[in-house]
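Asks: The structure is given below, and queries will be raised subsequently.
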Amino acid sequence: MSNEYKLCACPLDCFDVCSIRAEIIDGKVTKLTGNKEHPITQGFICEKGRKHAERMYSPLRLKKPMKKVNGGFVEITWDEALDTIADKLKHYINEYGTLSIAQYNDGGAAGLLKNIENLFFDYLGDVTQFEGNLCWGAGMAAQKLDFGDVKGHAPEDIENAKTIIIWGRNIVETNMHMVPFIKKAKEKGTKVIVIDPITTATTAISDWHIKLKPKGDAAFACAVAKYMIENKLFDHSFVYNYTKGFHELSSYIRSLSYKELLKLCGTNMDTVIGFAGALVHKPASIYIGYGLQRYKNGGSTVRSIDMLGALAGIIGISGGGVNYANKVYGSFIDWESAAPTKEPEHRYISKPRFAADLAGLDNPKVKMLFISRSNPVVQQPDAAEVAYVIKGIEFKVVLDHFMTDTAKLADIVLPVTYFMEETDIIYSSMWNSYMFYNEKLVSRDLDVKPEFEIYSILAQKLGMSDFPQMKEEQWIDKLLSKLYDKGLNASELKRNSFTKINVNPVAWENKEFSTQSGRFEFIDTASLNGCIASEQSKTSEDFRLLTVHAKESLHSQHFLTSEVEHPPVYLNSQDALRLEINSNELIELYNEYGCITAEAMISDKGQSGVLFMHEGWWKKNGGSVNSLTPHDNSDIGLQAVYNDCICKIRKQGA
Ligand code: SF4
């Protein structure tokens with residue numbers, strides 16, 4: 001019996017990106033635990049991480065390529081699958097041009113080499129692609145406008161904060177490795193404030209939970225800013241030396257009425273004064289979540305929080321920062337040296353408006369669609385319409401591990417490797433700056449291939465002679481060459497499985513911002529005014545439906561084996577009483593987009609007039625919550641506006 005331990009990294013779309021220790025007995029992964037030697041992972045991982053081996057060896061894994069025949073699927077060889085795909089590509093390109101080919105992917109599995117897929121379509125020609133974001137786009141665009149780029153502080157710098165403000169992020173369940181750093185800060189006397197419309201596991205570890213109305217964040221930020229400006233509590237030195245737009249902003253903020261702002265955010269003046277005091281008790285560190293920017297006004301909301309950070313002068317100082325994401329090291333990846341850049345003129349349509357925009361395309365219409373690393377039939381807003389539009393496309397190819405609701409609509413499904421069956425580089429954290437080398441740990445029992453290999457073979461079959469044909473290690477060495485030049489030690493990375501990318505632990509420490517003016521740029525007053533005035537009108541029959549991440553699943557991935565028949569929806573007890581709804585009763589949620597049946601859970605974690613549900617439920621679980629969410633773009637950043645979802649409730653069958 002052979003027994004060994006190897007390291008790898010979790011490729012799920014998660015802030016933490018854990019370093020995982022795999023126990024391998026006789027060539028099989030038997031147990032996964034957190035690597036004790038990794039400074040962020042610190043020896044523990046979540047249930048989703050521990051379940052990777054179970055998923056990799058699941059009997060539900062796709063074992064061979066599949067082709068749809070008479071509404072069902074039959075297994076075929078890789079040659080037949082890729083020959084068919086290559087023939088279809090040639091046919092549609094000849095008949096309708098390259099724009100008739102569309103490519104859709106997302107963050108279902110991280111991996112540097114997985115992006116070779118994008119390169120394939122760049123080499124193929126001007127295809128149809130999706131721009132925008134389902135996750136964090138509005139906030140990214142917001143910070144780029146304010147700071148010129150998106151940078152965060154190193155995780156351990158939070159220990160230097162006197163006040164930690166977690167604004168709309170449930171870190172205990174979605175960024176759990178931040179908790180030990182917060183505990184250390186609390187031991188030194190740091191106070192933790194959590195702002196969230198819902199009571200969560202994170203509010204339980206806070207000193208103060210501020211429960212705002214959903215979509216009330218910008219109004220609250222304006223009330224706090226007004227108090228800071230009127231009472232001269234802002235950092236004059238930072239504002240006058242390093243910012244642009246204060247004069248106009250100050251006049252506008254002074255003109256706002258506390259009464260109106262407090263009504264919009266659902267809080268009181270004591271909270272505003274208390275919060276302003278905590279913010280200027282420097283250094284204060286703000287961590288923003290992604291739910292609050294999944295609104296029509298999402299970008300301006302994040303800009304209003306950045307505004308508070310600038311007024312408080314907590315930018316560029318240790319223990320401070322307005323932290324949204326930390327992805328700057330992605331720009332060090334050297335695509336140019338790996339493959340000469342092509343400059344295709346792709347046709348772009350909005351990702352959040354998938355169904356409406358794809359259906360509306362003409363000249364040419366999309367005839368062939370590739371989908372990978374995602375399950376849009378569940379995860380896209382207006383999900384039912386998305387399924388309908390995908391069904392209507394002549395030829396669909398889906399790359400996945402499992403037969404998802406989206407894969408079921410495909411004409412060909414290609415089974416891809418699980419991360420422990422392939423070699424790749426992982427650098428996907430939105431929070432820390434570690435890069436991982438994921439070595440292939442076990443042989444492939446199934447007839448599966450990594451995405452990059454699939455596209456390399458397709459390029460050969462299509463006679464794309466300029467498409468680079470390289471092995472994994474050659475790709476990795478070329479793509480990381482800029483980082484090697486900057487001192488990244490390749491053998492250390494491969495030996496230890498991870499290394500830290502050298503970025504300043506304090507974002508914007510030199511106060512040289514990447515904006516055009518070189519200064520922090522305050523949100524313009526027209527955008528701010530539009531943002532706080534954008535509350536939808538609601539009747540007493542209307543509920544705002546918030547979709548939140550489940551602790552047990554990364555988006556839709558871990559509901560594969562769930563036997564839940566109807567997704568739970570959390571309903572405030574006052575509303576339940578008024579509508580005479582009992583706990584565990586089946587109710588229907590409906591609006592102009594669709595209807596789903598859900599199981600009522602009476603809970604005062606939410607507020608009256610607000611429902612919340614976990615995202616990711618499959619069709620077999622009663623249907624995706626996204627059957628109800630609107631297809632629209634946020635103000636900036638083409639972000640999906642999942643939380644701008646208003647629906648009504650009726651008793652089942654009523
Ligand atoms: S999902 Fe996140 S917390 Fe869980 S193992 Fe993966 S990276 Fe770690």
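The values are calculated or read from the model by the stated rules, or taken from the named source; none is laboratory data. If you're wondering where the values come from, they're calculated on a predicted model, not measured in any experiment. Backbone-built Cβ (ideal geometry, glycine too); neighbour counts: all protein chains shown.
The rows are residues; the columns are (1) surrounded by 21 or more Cβ atoms within 10 Å (Cβ to Cβ); (2) of a type outside the set (A, V, I, L, M, F, W, C); (3) not assigned by TED's automatic domain parsing to the domain that holds His153.
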position: Lys440; (1), (2), (3): no, yes, yes
position: Arg444; (1), (2), (3): no, yes, yes
position: Pro450; (1), (2), (3): yes, yes, yes
position: Glu453; (1), (2), (3): no, yes, yes
position: Met464; (1), (2), (3): no, no, yes
position: Gln474; (1), (2), (3): no, yes, yes
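Asks: Given (1) within 21 Å of Asn118 (Cα to Cα); (2) not in a loop (DSSP other than H, G, I, E, B), identify the lone condition not met by Lys408.
Replies: (1)
Asks: Separate question: Assuming Leu12 fulfils every condition listed in (1) farther than 19 Å from Pro450 by Cβ; (2) outside the structural domain of Thr404 (by TED's automatic domain parsing) apart from one, which condition is it?
Replies: Only one criterion in (1) farther than 19 Å from Pro450 by Cβ; (2) outside the structural domain of Thr404 (by TED's automatic domain parsing) is unmet by Leu12, namely (1).
Asks: Scan segment 382-439 residue by residue and report those that are of a type in the set (Ser, Thr, Tyr) and closer than 18 Å to Asn70 by Cα.
Replies: Step one: of segment 382-439, the residues of a type in the set (Ser, Thr, Tyr) are 388, 404, 406, 417-418, 423, 427-429, 433-434, 437.
Within segment 382-439, Thr406 is the sole residue that qualifies.
Asks: Can you tell me which of (1) within 27 Å of Leu560 (Cβ to Cβ); (2) modelled with pLDDT of 95 or more; (3) out of contact with any helix residue (DSSP H, G or I) (no Cβ under 9 Å at 6 or more places or on another chain) is the one Thr33 doesn't meet?
Replies: Only one criterion in (1) within 27 Å of Leu560 (Cβ to Cβ); (2) modelled with pLDDT of 95 or more; (3) out of contact with any helix residue (DSSP H, G or I) (no Cβ under 9 Å at 6 or more places or on another chain) is unmet by Thr33, namely (3).
Asks: How many residues does segment 211-226 contain that are more than 24 Å from the chain's Cα centre (by Cα) and either surrounded by fewer than 23 Cβ atoms within 10 Å (Cβ to Cβ) or not assigned by TED's automatic domain parsing to the domain that holds Val272 (or both)?
Replies: Summing the residues that are more than 24 Å from the chain's Cα centre (by Cα) and either surrounded by fewer than 23 Cβ atoms within 10 Å (Cβ to Cβ) or not assigned by TED's automatic domain parsing to the domain that holds Val272 (or both) in segment 211-226 gives 1.
Asks: Sticking with this structure for a sec: Suppose we keep only residues that are assigned to a loop (DSSP other than H, G, I, E, B), out of contact with any Lys or Arg (no Cβ under 9 Å at 6 or more places or on another chain) and on the phi < 0 side of the Ramachandran plot within segment 565-593. Which one would you say is nearest to the ligand (Cβ to nearest atom)?
Replies: From segment 565-593, those assigned to a loop (DSSP other than H, G, I, E, B) are 565-567, 572, 580-585, 591-593; that's our starting set.
When the remaining residues are screened for being out of contact with any Lys or Arg (no Cβ under 9 Å at 6 or more places or on another chain), the result is 566-567, 582-584, 592-593.
The next check asks that each one be on the phi < 0 side of the Ramachandran plot; those that pass are 566-567, 582-583, 592-593.
Values: His566: 26, Pro567: 21, Asn582: 35, Ser583: 30, Glu592: 35, Tyr593: 30 Å.
Across segment 565-593, the extreme among qualifying residues is Pro567.
Asks: Among the residues of segment 163-181, is any away from the ligand (no atom under 16 Å from the Cβ) and among the hydroxyl-bearing types (Ser, Thr, Tyr)?
Replies: The initial filter retains those residues of segment 163-181 that are away from the ligand (no atom under 16 Å from the Cβ), namely 163-168.
Filter again for among the hydroxyl-bearing types (Ser, Thr, Tyr), leaving 163.
Scanning segment 163-181, I find at least one residue that is away from the ligand (no atom under 16 Å from the Cβ) and among the hydroxyl-bearing types (Ser, Thr, Tyr), so the answer is yes.
Asks: Output the number of residues of segment 587-612 satisfying the condition of being touching a Ser or Thr at 6+ places or on another chain (Cβ under 6 Å) and crowded, with 16+ Cβ neighbours inside 10 Å.
Replies: Quick first cut of segment 587-612, residues touching a Ser or Thr at 6+ places or on another chain (Cβ under 6 Å) only: 588, 594, 596, 602, 604-605.
Add one more test, that the residue is crowded, with 16+ Cβ neighbours inside 10 Å, and what stays is 588, 594, 596, 602, 605.
Qualifying residue count for the region: 5.
Asks: Tell me the residue from Leu458, Leu441 that is at pLDDT 95 or above, in a loop (DSSP other than H, G, I, E, B) and farther than 27 Å from Trp618 by Cβ, please. It would help to see each step written out before you state the result.
Replies: Numbers: Leu458 fails: in a loop (DSSP other than H, G, I, E, B).
After ruling out the rest, the residue left standing is Leu441.
Asks: Among all residue pairs at least 6 apart or on different chains, which show Cβ distances below 8 Å where the first residue, located in segment 48-69, is within 18 Å of Glu23 (Cα to Cα) and the second is away from the ligand (no atom under 16 Å from the Cβ) and part of a helix (DSSP H, G or I)?
Replies: Listed by first residue and then by second, the contacts come to Met56/Glu421.
Asks: Right, here's the next one. In segment 10-49, which residues are of a type outside the set (D, E, K, R), part of a strand (DSSP E or B), more than 8 Å from the ligand (Cβ to nearest atom) and surrounded by 14 or more Cβ atoms within 10 Å (Cβ to Cβ)? Break it down into steps so the answer makes sense when it comes.
Replies: Let us first name the residues in segment 10-49 that are of a type outside the set (D, E, K, R), namely 10-12, 14-15, 17-20, 22, 24-25, 27, 29-30, 32-35, 38-46, 49.
Imposing the further condition that a residue be part of a strand (DSSP E or B) reduces the set to 19-20, 22, 24-25, 29-30, 32-34.
Of the ones still in play, those that are also more than 8 Å from the ligand (Cβ to nearest atom) are 19, 22, 24-25, 29-30, 32-33.
Matches in segment 10-49: Ser19, Ala22, Ile24, Val29, Leu32, Thr33.
Asks: Quick check on segment 50-66: of everything there that is buried (at least 17 other Cβ atoms within 10 Å of the Cβ) and not in a loop (DSSP other than H, G, I, E, B), which residue is nearest to the ligand (Cβ to nearest atom)?
Replies: His52
Asks: Name the residue, out of Asp83, Asp126, that is out of contact with any Leu (no Cβ under 8 Å at 6 or more places or on another chain) and either surrounded by 23 or more Cβ atoms within 10 Å (Cβ to Cβ) or not in a strand (DSSP E or B) (or both). Show your work before the answer.
Replies: Details: Asp126 fails: out of contact with any Leu (no Cβ under 8 Å at 6 or more places or on another chain).
Going through Asp83, Asp126 in turn, just one is out of contact with any Leu (no Cβ under 8 Å at 6 or more places or on another chain) and either surrounded by 23 or more Cβ atoms within 10 Å (Cβ to Cβ) or not in a strand (DSSP E or B) (or both): Asp83.
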